[in-house]
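Student: Here it is, the structure, as structure tokens.
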Amino acid sequence: MTELLPDVLRVLNPATEELVAEITTTSPEQVDAAVERATKAQQSWVSFAPGDRARLLRRFADGVDAAVDELADLEVTEAGHTLGNARWEAGNARDLLEYAAGGIERLMGRQIPVAGGLDVTFHEPLGVVGVIAPWNFPMPIAAWGVAPALAAGNAVLLKPAETTPLTALRLERIALDAGLPEGLFQVLPGHGRITGQALVDHPGIRKIVFTGSTAVGKQIMARCADNLKRVTLELGGKSPNIVFADADLARAAAAAPMAFLDNSGQDCCARTRILVQRDVYEDFLALVAPAIEAVRVGDPRDAATEMGPLISAVQRERVRSYLTDDVPVLAQGTAPEGPGFWQAPTLLAPEDPGSRAATEEIFGPVAVVLPFTDEADALRLANATRYGLSGSLWTRDIGRALRMARGVNAGNLSVNSHSSVRYWTPFGGFGESGLGRELGPDALAHFTETKNVFISTEE
């Protein structure tokens with residue numbers, strides 16, 4: 001029996017629970033029509049000179065830059081992000097378009113030495129690409145797929161998350177105003193089980209870029225197999241924050257709260273497993289507990305706010321399911337009462353490192369802290385998870401930092417910082433954190449097929 005879902009998305013403000021907008025969903029038949037339009041637009045787009053495509057993408061970036069405040073306001077309203085974060089996110093989408101535009105004229109093939117002729121390779125666009133974006137970072141993560149895919153000569157169909165379609169729809173309008181061909185970049189709001197599934201199953205779409213849960217990512221990968229469709233999957237995480245006794249404890253403790261509280265903990269790179277060498281465990285806790293308790297949670301539009309609400313009531317209940325009586329709470333901040341999907345910052349100290357809170361992705365403002373003895377023990381704990389997306393190492397010993405960085409099973413590691421994502425460098429995970437890489441100098445190539453051409457020179 002087919003599940004009936006509403007044909008209108010109700011967008012709520014997470015900080016107030018007020019209705020912001022109602023957006024009509026995209027049916028499978030409308031997806032078919034969108035693919036047809038995109039296919040025609042892509043055939044035109046790929047015929048543009050590389051410099052002309054770059055120029056149009058830069059105009060798109062200029063349009064985003066002119067609308068940064070408007071886009072940030074929409075992000076605060078639909079996603080509950082703090083105003084500072086939302087402005088950064090809009091600026092990041094702009095910067096990604098600029099960076100991708102710069103790669104168009106450097107998307108070069110190779111000349112390979114062979115006997116009897118000349119052999120060259122070309123990067124040919126895939127055609128139509130489907131991007132399924134999440135609700136936790138609607139603008140930047142959408143741009144991770146959209147910008148390089150367009151730059152590589154493809155058309156893009158973007159399905160935003162059900163709860164956060166507003167910034168995506170505004171970006172579509174900006175692209176048209178910048179002069180991109182109509183149909184080249186289309187936004188298709190809708191439910192994942194209807195609109196998203198239609199994108200995944202459509203034979204005219206040659207690649208799916210998905211960011212979301214590991215469970216859904218596995219389903220998408222299986223469905224794409226029917227058409228041998230390429231996938232890039234950026235999925236869950238349970239990232240370690242490893243603090244050694246020789247680290248600058250004050251600096252490590254000061255940085256630890258926002259390493260898992262940024263975006264209310266709704267971040268697949270959040271450092272939600274804090275591993276501290278036993279020699280300094282109590283000293284570290286004495287520093288980090290008051291820092292967590294002092295984090296200011298409240299109105300996302302207030303410049304002093306450090307953490308806003310969760311995205312929905314469903315997400316809040318999921319997070320609270322990990323706060324059980326059998327797991328001690330070491331530190332807990334405060335959150336507003338009344339309307340809004342609020343949850344206080346919380347640090348847990350589970351006795352069992354294999355417990356749910358210590359191993360599952362909570363996707364909220366909750367972290368666990370666990371002691372370790374030496375490097376081998378730290379690696380054992382750090383790798384005791386099915387995920388492998390990101391992580392941090394705090395030590396003054398560069399040799400130890402390199403040994404640990406090579407030993408931790410994660411795609412992105414930082415030493416004495418919590419940085420994970422830069423659009424100049426590749427991003428992706430190990431294990432069940434995903435498949436493929438996004439961003440960085442090779443991003444455009446991931447949206448192409450390599451074509452080999454041999455030209456005989458023999459008489």
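Student: Within the stretch 167-187, work out how many residues are of a type in the set (A, V, I, L, M), in contact (Cβ under 8 Å) with a residue 40 or more places away in the chain and either in contact with a Gly (Cβ under 8 Å, 6 or more places away or on another chain) or surrounded by 24 or more Cβ atoms within 10 Å (Cβ to Cβ) (or both).
Tutor: So the first thing to find is which residues in the stretch 167-187 are of a type in the set (A, V, I, L, M), and the list is 168-169, 171, 174-176, 178, 180, 184, 187.
Remaining after also requiring in contact (Cβ under 8 Å) with a residue 40 or more places away in the chain: 169, 171, 174-175, 178, 180, 184.
Okay, now just the ones that are also either in contact with a Gly (Cβ under 8 Å, 6 or more places away or on another chain) or surrounded by 24 or more Cβ atoms within 10 Å (Cβ to Cβ) (or both), so 171, 174-175, 178.
Total meeting the criteria: 4.
Student: What number of residues within the stretch 386-404 satisfy the criterion of being in a loop (DSSP other than H, G, I, E, B) and touching a Cys at 6+ places or on another chain (Cβ under 9 Å)?
Tutor: Looking only at that region, the number is 1.
Table: residues versus (1) within 24 Å of the chain's Cα centre (by Cα); (2) in a helix (DSSP H, G or I); (3) modelled with pLDDT under 95.
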position	(1), (2), (3)
ILE23	yes, no, no
ALA34	no, yes, no
THR39	no, yes, no
GLN43	no, yes, no
LEU56	no, yes, no
GLY63	yes, yes, no
THR77	yes, yes, no
ASN85	yes, yes, no
LEU97	yes, yes, no
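Student: When the stretch 209-229 is examined, which residues are found to be of a type in the set (Gly, Ala, Ser), surrounded by fewer than 17 Cβ atoms within 10 Å (Cβ to Cβ) and part of a helix (DSSP H, G or I)?
Tutor: Within the stretch 209-229, ALA215, ALA222, ALA225 meet the criteria.
Student: Identify, please: which residue in the stretch 406-459 is of a type in the set (D, E, K, R) and in a loop (DSSP other than H, G, I, E, B) and is, among those, surrounded by the fewest Cβ atoms within 10 Å (Cβ to Cβ)?
Tutor: That would be GLU459.
Student: Taking into account only those residues within the stretch 62-90 that are touching a residue at least 24 places away in the same chain (Cβ under 8 Å) and over 22 Å from ASP299 (Cβ atoms), which is surrounded by the most Cβ atoms within 10 Å (Cβ to Cβ)?
Tutor: VAL64
Student: Do any residues in the stretch 339-362 that are touching a residue at least 60 places away in the same chain (Cβ under 8 Å) have Cβ atoms under 6 Å from those of residues that are buried (at least 22 other Cβ atoms within 10 Å of the Cβ) and assigned to a helix (DSSP H, G or I), where the two are at least six apart or on different chains, and which pairs are they?
Tutor: Short answer, once both residue conditions are applied: PRO345/LEU261; PRO345/ILE292; LEU347/ILE292.
Student: A further question on this structure: Which residue pairs have Cβ atoms closer than 9 Å, lie 6 or more positions apart in sequence or on different chains, and pair a first residue in the stretch 97-126 that is farther than 27 Å from ALA66 by Cβ with a second residue that is charged (D, E, K, R) and open to solvent by less than 20 Å² (accessible area, probe 1.4 Å)?
Tutor: Matching pairs, first to second residue: ARG110/ASP119; GLN111/ASP119; ILE112/ASP119; PRO113/ASP119; LEU126/LYS207.
Student: Is at least one residue of the stretch 363-373 under 24 Å from the mean Cα position of the chain (by Cα) and β-branched (Val, Ile, Thr)?
Tutor: Within the stretch 363-373, one or more residues are under 24 Å from the mean Cα position of the chain (by Cα) and β-branched (Val, Ile, Thr).
Student: Here is a further query. Looking at (1) open to solvent by 60 Å² or more (accessible area, probe 1.4 Å); (2) in contact with a His (Cβ under 7 Å, 6 or more places away or on another chain), which one does PRO290 not meet, given that it meets all the others?
Tutor: (2) is the only condition that PRO290 fails.
Student: Select, from THR24, THR16, the only residue that is in contact (Cβ under 8 Å) with a residue 12 or more places away in the chain and either of a type in the set (Gly, Ala, Ser) or crowded, with 16+ Cβ neighbours inside 10 Å (or both).
Tutor: After applying the criteria, what remains is THR16.
Student: Here are ARG386, ARG400: which of them is open to solvent by 70 Å² or more (accessible area, probe 1.4 Å) and either of a type in the set (Lys, Arg) or free of Cβ contacts under 8 Å to residues at least 24 places away in the same chain (or both)?
Tutor: Criteria check complete, one pass: ARG386.
Student: Right, something else. Among the residues of the stretch 195-208, which ones are in a helix (DSSP H, G or I) and either surrounded by fewer than 20 Cβ atoms within 10 Å (Cβ to Cβ) or without any contact (Cβ under 8 Å) to a residue 60 or more places away in the chain (or both)?
Tutor: Of everything in the stretch 195-208, those that are in a helix (DSSP H, G or I) and either surrounded by fewer than 20 Cβ atoms within 10 Å (Cβ to Cβ) or without any contact (Cβ under 8 Å) to a residue 60 or more places away in the chain (or both) turn out to be GLN197, ASP201.
The values are calculated or read from the model by the stated rules, or taken from the named source; none is laboratory data. Bear in mind the structure is a predicted one, so any value in this text is a computation, not a measurement. In this analysis, Cβ positions are derived from the backbone assuming ideal geometry, glycine residues included, and neighbour counts consider all displayed protein chains. For accessibility, only protein heavy atoms count, side chains too; no ligands or nucleic acids. Shrake-Rupley method; radii C 1.70, N 1.55, O 1.52, S 1.80 Å.
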